[in-house]
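The values are calculated or read from the model by the stated rules, or taken from the named source; none is laboratory data. Everything numeric here is computed off the predicted structure, so don't read it as measured data. Cβ sites come from the backbone with ideal geometry, for glycine too, and all protein chains shown count toward neighbours. Just the protein is used for accessible areas: all its heavy atoms, side chains included, with ligands, DNA and RNA removed. Shrake-Rupley method; radii C 1.70, N 1.55, O 1.52, S 1.80 Å.
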Amino acid sequence: RAKTTLADKALDPAPASRAKALELLGKLGDAAHLETVARGMLDKDPAVQASAAAGLAASGDKRGTPALLEGLKSSDQKVRNASADALKALWGTSPGDDVSAWERYWSSQSSTVADAISPSGLEPLISE
């Protein structure tokens with residue numbers, strides 16, 4: 001029941017509610033909600049994106065890596081930092097926020113991750 005309530009909160013119009021829900025969903029580590037957390041990386045609000053990155057890291061599920069790579073390209077420093085921190089937590093290595101270095105790393109590792117979640121196949125949680 002708690003997971004359903006959090007999934008509903010991830011769709012809340014208030015950015016602060018979405019942000020907290022996404023981080024908590026990630027911490028629960030339920031693979032069924034990983035796509036919801038990854039969709040948070042497409043939010044218009046940078047705080048929501050940063051919380052989604054933290055949620056992806058907390059999930060421990062490397063399938064969210066492509067969404068985090070997109071986060072490294074954000075114009076918002078907080079989102080870039082959160083994405084880099086999440087990638088480091090998931091992979092145990094850190095080229096920092098160097099997009100090219102992470103993309104090369106992912107290229108060498110992606111075959112080890114079945115069913116990675118591509119951001120191009122996702123819709124934002126809410127449309128504004």
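Assorted remarks:
- Qualifying residues in the stretch 83-93 (those that are over 13 Å from Ala53 (Cα atoms) and within 17 Å of the chain's Cα centre (by Cα)) - the one least open to solvent (accessible area, probe 1.4 Å): Trp91
- Enumerated helices (runs of 4 or more DSSP H) restricted to the stretch 58-119, each holding at least 3 residues that are more than 20 Å from Leu22 (Cβ to Cβ): 99-109
- From Arg80, Arg104, Arg18, residue being of a type in the set (Lys, Arg) and open to solvent by 70 Å² or more (accessible area, probe 1.4 Å): Arg104
- The set of residues in the stretch 23-43 that are in contact with a helix residue (DSSP H, G or I) (Cβ under 8 Å, 6 or more places away or on another chain) and touching a residue at least 40 places away in the same chain (Cβ under 8 Å) comprises Leu34, Thr36, Ala38, Arg39, Gly40, Met41, Leu42, Asp43.
- Answer from Leu69, Leu42, Leu34 - the residue that is within 14 Å of Asp98 (Cα to Cα) and surrounded by fewer than 23 Cβ atoms within 10 Å (Cβ to Cβ): Leu69
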